[in-house]
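Written below as structure tokens is the structure these notes are about.
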Amino acid sequence: MFKNRCYTLRYRASNEVELILPNQPIIVNKPLIEHTSFSILVWNIFKQKRADCIDILQQYADKVKLILLQEAQTTPPLLNFISQYNKIADHVPAYCFNDIYAGVMTISDSLPTSLFSFREKEPLIRVPKSALITIYPINNSKQQLLVANIHAVNFSIGIKIYRQQIRMLLTRIKEHNGPVILAGDFNAWSRQRVDLLYNLVRSIELKPVSFSVDIRKKFMGRPLDFVFYRGLRLDTAEIISTTTSDHNPLLVNFRLDLHPQY
């Protein structure tokens, strides 16, 4: 059943896994965004290789509306976290090894109204990277929040595949009439990649979140993790220092923009 490249795996408190296929109807019982202000956590969790990484998730489970993970693996500790805190986790596996799936995972308190999954093979090592778009209702609003979670391809000569992967996401984002968050590990370690990334996000009017104390994971002197947004107001942004992953989590607080201009 996993031959369909567009599938998503959904985990809930029941510990059962559900296969979500494209255009599958989703019944949503409550809006994700119920108040004007909300927070998100963005983190490459390094395949849960280091001790106490789940402690970070537990620390912020009740403080954030969305947790966007990259390199999330469906290990018992992570699945237990989802169950313990009654979360809903949508996971786009890039690959499977020993019955453990790995890829981006977006964790929230309520169901999205729709979702789109993406996979792109690394040009050199041929192991895929994944990305996920989830769309959530906003209380007392006809608009919905689009959240894009990406782990960008890393090992490539040139930027052709890198451009292709990001453009697939941006094509969907461009069609969305409502607030947008695009975040994750963009592997923007070269000047070519950084320039391309910023040019593409500017083309659909996304703005970058900046950090006053910037302790993001860097490679070749450039940060890898980013948060971009549109149709929202940025309240606060900070980076959590931790040794439980090779990346530090990004914690960002947004406020709904009551008069957005796209």
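The values are calculated or read from the model by the stated rules, or taken from the named source; none is laboratory data. This one's a predicted model, so the numbers in the text were calculated from it and none came from an experiment. Note that each Cβ is placed from the backbone with ideal geometry, even for glycine, and that neighbours are counted across all protein chains shown. Calculation scope for accessible area: heavy atoms of the full protein, side chains included, ligands and nucleic acids excluded. Shrake-Rupley method; radii C 1.70, N 1.55, O 1.52, S 1.80 Å.
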Determine whether Ala183 is within 25 Å of Thr36 (Cβ to Cβ), at pLDDT 95 or above and open to solvent by 20 Å² or more (accessible area, probe 1.4 Å).
no
Which condition does Leu9 not pass, out of (1) without any contact (Cβ under 8 Å) to a residue 40 or more places away in the chain; (2) open to solvent by less than 30 Å² (accessible area, probe 1.4 Å); (3) within 21 Å of Ser130 (Cα to Cα), if it passes all the others?
(1)
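Residues are listed down the side, and each one gets a yes or a no for (1) surrounded by 15 or more Cβ atoms within 10 Å (Cβ to Cβ); (2) closer than 20 Å to Gln73 by Cα; (3) at pLDDT 90 or above:
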site	(1), (2), (3)
Asn98	no, yes, no
Thr106	yes, yes, yes
Ser114	yes, no, yes
Leu124	no, no, no
Pro128	yes, yes, no
Tyr136	yes, no, yes
Leu145	yes, no, yes
Asn149	yes, yes, yes
Ser156	yes, no, no
Restricting the first residue to the stretch 117-140 and requiring it to be acidic (Asp, Glu), which pairs with a second residue that is surrounded by fewer than 20 Cβ atoms within 10 Å (Cβ to Cβ) and at pLDDT below 80 meet a Cβ separation below 6 Å and a spacing of at least six or different chains?
Glu122/Phe155
Among the residues of the stretch 192-223, the number that are assigned to a helix (DSSP H, G or I) and either open to solvent by less than 60 Å² (accessible area, probe 1.4 Å) or free of Cβ contacts under 8 Å to residues at least 24 places away in the same chain (or both) is 10
Per the filter on the stretch 237-262, residues surrounded by 12 or more Cβ atoms within 10 Å (Cβ to Cβ) and polar (S, T, N, Q) are Thr242, Thr244, Ser245, Asn248, Asn253
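Just give me the residues in the stretch 37-53 being surrounded by 14 or more Cβ atoms within 10 Å (Cβ to Cβ) and either of a type in the set (Phe, Trp, Tyr) or touching a residue at least 40 places away in the same chain (Cβ under 8 Å) (or both), in sequence order. Outline the logic, then answer.
If we filter the stretch 37-53 for residues that are surrounded by 14 or more Cβ atoms within 10 Å (Cβ to Cβ), which is where we start, we get 38-48, 53.
Passing the criteria: Phe38, Ser39, Ile40, Leu41, Val42, Trp43, Asn44, Ile45, Phe46, Lys47, Cys53.
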For Leu66: the one exception among (1) closer than 20 Å to Phe46 by Cβ; (2) in contact (Cβ under 8 Å) with a residue 40 or more places away in the chain; (3) surrounded by fewer than 20 Cβ atoms within 10 Å (Cβ to Cβ); (4) among the hydrophobic types (A, V, I, L, M, F, W, C):
(3)
Any idea how many residues of the stretch 224-262 are under 16 Å from the mean Cα position of the chain (by Cα) and part of a loop (DSSP other than H, G, I, E, B)?
4
List the residue pairs whose Cβ atoms are under 6 Å apart, where the first residue sits in the stretch 162-188 and is within 22 Å of Arg233 (Cα to Cα), the second is among the polar types (S, T, N, Q) and part of a helix (DSSP H, G or I), and the two are 6 or more positions apart or on different chains.
none
